[in-house]
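Reading through the structure tokens given below for one structure.
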Amino acid sequence: MDQIKDKVTDNQDKIKFGEYIAYAFGGVGITVMSSLIGSYLLIYMTNVAFMDIAAISTIIAVSKLLDGISDIIIGNVIDNTSTKLGKARPWLLRMVLPMAVSMMLLFWVPPQFPAAVKYIYVFLMYNLANTVFFTFLQISQLSMVSLMSHDRNEQGILGNIAGFAAMASGLVGNVLFVKLLLVFTSVPGEQNTQRSYTVSTLIYCVFMVVSVLLMVFFTKERVTDSTKKPGEERPGLRKMVTEFLIIIKDRYWLVTIIIRLITQLGAGFFIAGASYYALYVLHDMSKMGLIIASNVAPSLIIMLITPFLMSRINKRKMFIAGLVVSLIGTASLGLFGTTVPAVVGTLIVCSTGAGLFGAVIYGIVADVVTYTKMTTGQFVAGVGNAGVSAVRKLAMGLNSVIFGFVLSLAGFDAALKVQPDSVVTAIRFLFSWAPFIGFAISLILFVAFYDLDKKFDSIKAEYDKANKE
């Protein structure tokens, strides 16, 4: 294997405990915004702004095309940034306030606007919040797994924290949010009012700003590109295309991204469908908090344990184990999930599996980024992690689009307290069997095509030897 001399400087001081904590808080603050969009945007638009579910789903679908392009562009911008704060942290600092403002506007559709203007307004606000500002925050956060350390164990812990933050944001973003909606509603007992969404979103935006600032000022980027001087930012079309072609030729990156898309798409139906499942299958929207807690809390517990298991069980085995457990849980949910105890029990199993594969996915991406650097000499943490961000948001968009269109075709009508049987059947299928199919496909692909854990140590030894000569 031809080796290219390392152009990346790795400062050898270890990550401090406080940095892990700051990184975790920042991760929760960022991904909680994604949870709000994934879980509450659709039901807000249909049940508060009274907009057509198929039209909103179309807006999300069209926006995802722009979103996919923005991930690659923004990943390239981060890779070609060099400041005293590093590559990723300056963008966290620059984008956190615009993200907060755009989220407030997204969950406030002016009722006096004509119908056509409302849809244009939602399209613009959605793309500002999600396509631009959230993309900068998300890719910057994920890139820090590779930028804070070159040590595989530390990257594994950071990756675990990133997965933990994503899961924790689901718990915080959904269980607490539905409680806040009831507290701040203008109609007692009714969550879906404009005031409840405005005040609750404001609280979450303040939390996001504070947590991201903690991550910016209490973490350190140790991995720097010695070919760039502080203050030099050189994003450009040619550089972006070059970096994208480098990473897309890496079969491990492609396999990881495809599997991440499928698993995220499957798991996303839990989030996209939770409010509808609680309201129309269990006939009590207040049970949404219990559904989300059952689907998230076990994952968080598992993620607290997995850092101690990583020295004994490699990432590949842990990822496979997580998918197998998730398959058992989703199948049980599809067969028995018509009562609250059954839903809670089966979701606990699903969440345990998600905790196992979610704990290692970002560490796997960091391994792939490091592998790409060792085999090509190019450090593409931004573009490499842009794929993770892109597929996560693409999955969220597809979740909303598929859920919206399927419910529309099944005869969903927000004005009806009791939906037709066809709608209930559609909700149950999307909530259980759709994730089962996704996890099954992911398991087959991962077992068949991902074996980097077996090769990594020998490749690294050869790389280190070449750089010492």
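What is the helix-to-structure angle for 340-376, meaning the angle in degrees between its Cα long axis and the longest Cα principal axis of the chain, kept from 0 to 90 and rounded to the nearest 10?
Between helix and principal axis, roughly 30 degrees.
Compute the Kirkwood hydrodynamic radius of region 377-435, taking the inverse of the mean of 1/r over all pairs of distinct Cα atoms, and give it in Å to one decimal. Mind dumping the intermediate values first?
Working: mean 1/r = 0.0730 Å⁻¹.
It works out to 13.7 Å.
Please compute the contact order of the chain in relative form: average sequence separation of alpha-carbon pairs under 8 Å and at least six residues apart, divided by the residue count, as a percent. Mind showing how you got there, number by number?
Values: 771 pairs, mean separation 131.4, N = 469.
Here the relative contact order equals 28 percent.
Which angle between 0 and 90 degrees, to the nearest 10, do you get for helix 152-171 versus the longest principal axis of the chain when only C-alpha atoms count?
Compared with the principal axis, the helix lies near 10 degrees.
Under the rule of -39500 (n - 2.57) per DSSP H run of 4 or more residues, summed and divided by the residues of the chain, what mean residue ellipticity at 222 nm is obtained, to the nearest 500 deg cm²/dmol? Display every interim value, and only then the final one.
Values: 17 runs with 346 residues, N = 469.
Roughly -25500 deg cm²/dmol at 222 nm, from the helical runs in the chain.
Grab the alpha carbons of region 72-185, take their convex hull, and tell me the volume per residue in Å³. If you can, show how the numbers build up before the last one.
On the way: hull volume 14.7 nm³, N = 114.
Hull volume over Cα atoms, normalised by residue count, gives 129 Å³.
Charges only on Cβ, +1 for Lys and Arg, -1 for Asp and Glu: so what's the dipole of the chain about the Cα centre, in debye to the nearest 20?
Values: 38 positive and 28 negative charges, 105 e Å.
The dipole of the chain has a size of about 500 debye.
Given +1 on the Cβ of Lys and Arg, -1 on the Cβ of Asp and Glu, and no further charges, what dipole in debye does region 364-469 carry about its Cα centre, rounded to the nearest 20?
Values: 10 positive and 9 negative charges, 32 e Å.
That gives a dipole near 160 debye.
Quick check: net charge around PRO111, other residues with Cβ under 14 Å of its Cβ, Lys/Arg +1 and Asp/Glu -1? Each step should come with its number before you reach the end.
Numbers: positive: LYS118, ARG195; negative: none.
In short, +2.
Any chance you could look up the accessible area of TYR204 with a 1.4 Å probe, heavy atoms only, rounded to 10 Å²?
10
Can you work out the accessible area per residue across region 79-168, with the rest of the protein chains kept in place, probe 1.4 Å, in square angstrom?
Numbers: 2840 Å² over 90 residues.
Each residue of region 79-168 exposes 32 Å² on average to a 1.4 Å probe.
Volume per residue, Å³, of the convex hull around the alpha-carbon atoms of region 1-131?
Values: hull volume 21.6 nm³, N = 131.
Per-residue hull volume (Cα only) is 165 Å³.
Work out how far the C-alpha atoms of region 114-169 reach from end to end along every principal axis, then list the three figures in whole Å, largest first.
55, 21, 8
If I histogram all Cα-Cα distances within region 130-221 using bins 10 Å wide from 0, what percent of pairs lands in each bin?
Pair shares across the bins are 14, 37, 28, 14, 6, 0.
Give me the net charge for the shell around MET144: Cβ to Cβ below 12 angstrom, other residues only, Lys and Arg +1, Asp and Glu -1. Don't jump to the answer; show the numbers that get you there.
Values: positive: LYS87, ARG89, LYS220, ARG222; negative: GLU19, GLU154, GLU221.
Result for the local shell: +1.
So if I take the alpha carbon set of region 334-453, get Rg, then get Rh from the Kirkwood formula, what is the Rg over Rh ratio?
Details: Rg = 19.0 Å, Rh = 17.4 Å.
We get a ratio of 1.09 for region 334-453.
Looking at the chain, what % of the alpha carbon pairs are farther apart than 45 Å? Don't skip to the end; give the middle numbers.
Details: 9986 of 109746 pairs.
Of the Cα pairs, 9 percent sit more than 45 Å apart.
Which residue, LEU142, SER169, ALA415, has the largest displacement toward the positive end of the dipole of the chain when charges sit on each Cβ (Lys, Arg +1; Asp, Glu -1)?
My answer, from the dipole projection, is LEU142.
Whenever you get a sec, compute what percent of the accessible area on the chain sits on carbon and sulfur atoms (1.4 Å probe).
Details: 12760 of 18010 Å².
Roughly 71 percent, rounded to a whole number.
Please name whichever of THR370, PHE357, LEU290 sits farthest to the positive end of the charge dipole of region 255-380, dipole taken about the Cα centre and charges placed at Cβ: Lys and Arg +1, Asp and Glu -1.
Checking the options against the dipole of region 255-380, the answer is THR370.
Only residues of region 110-134 count here: report those whose backbone N is under 14 Å from the spot 7 Å along Cα→Cβ of ARG94, or say none.
Only 132-134 fall inside the zone, counting backbone N under 14 Å.
Keeping all protein chains in place, calculate the accessible area per residue for region 310-469 (probe 1.4 angstrom), answer in Å².
Values: 6240 Å² over 160 residues.
Here the residues of region 310-469 average 39 Å² of exposed surface.
Would you kindly find the accessible area of MET167, with a 1.4 Å probe and non-protein molecules such as ligands, DNA and RNA excluded, rounding to the nearest 10 Å²?
Approximately 40 Å² for this residue.
Answer with one residue from THR201, LEU300, VAL281: the one whose Cα lies farthest towards the positive end of the charge dipole of the chain, charges on Cβ with Lys, Arg +1 and Asp, Glu -1.
LEU300
Could you work out the local net charge near TYR126, counting Lys and Arg as +1, Asp and Glu as -1, over the other residues with Cβ closer than 14 Å to its Cβ? Let's see the in-between values first.
Values: positive: LYS64, LYS118, LYS393; negative: ASP67.
Overall, the nearby charge balance is +2.
For helix 135-147, report the angle its Cα long axis makes with the longest principal axis of the Cα atoms of the chain; keep it between 0 and 90° and round to the nearest 10°.
40
When N counts the residues of region 260-390, how does its alpha-carbon radius of gyration compare numerically with 2.2 N^0.38 Å, as a ratio?
1.21
How would you classify region 240-309 from its alpha-carbon gyration tensor, with a ≥ b ≥ c the square roots of the eigenvalues: rounded for a/c under 1.5, else prolate if a/b is greater than b/c, otherwise oblate?
Working: a/c = 4.19, a/b = 1.87, b/c = 2.25.
It comes out oblate by the Cα gyration axes.
List the trypsin sites (Lys or Arg not before Pro) in region 346-443 that DSSP assigns to loop (not H, G, I, E or B) and whose Cβ has at most 11 other Cβ atoms within 10 Å. Which are they? Let's see the in-between values first.
Numbers: sites: LYS373, ARG392, LYS393, LYS417, ARG428; in loops: LYS417.
Filter output for region 346-443: LYS417.
The values are calculated or read from the model by the stated rules, or taken from the named source; none is laboratory data. Fair warning: this is a prediction, and the values are worked out from it, not measured in the lab. As a convention, Cβ positions derive from the backbone with ideal geometry for all residues, glycine included, and neighbour counts pool all protein chains shown. SASA here: full protein model, heavy atoms, side chains in, ligands and nucleic acids out. Shrake-Rupley method; radii C 1.70, N 1.55, O 1.52, S 1.80 Å.
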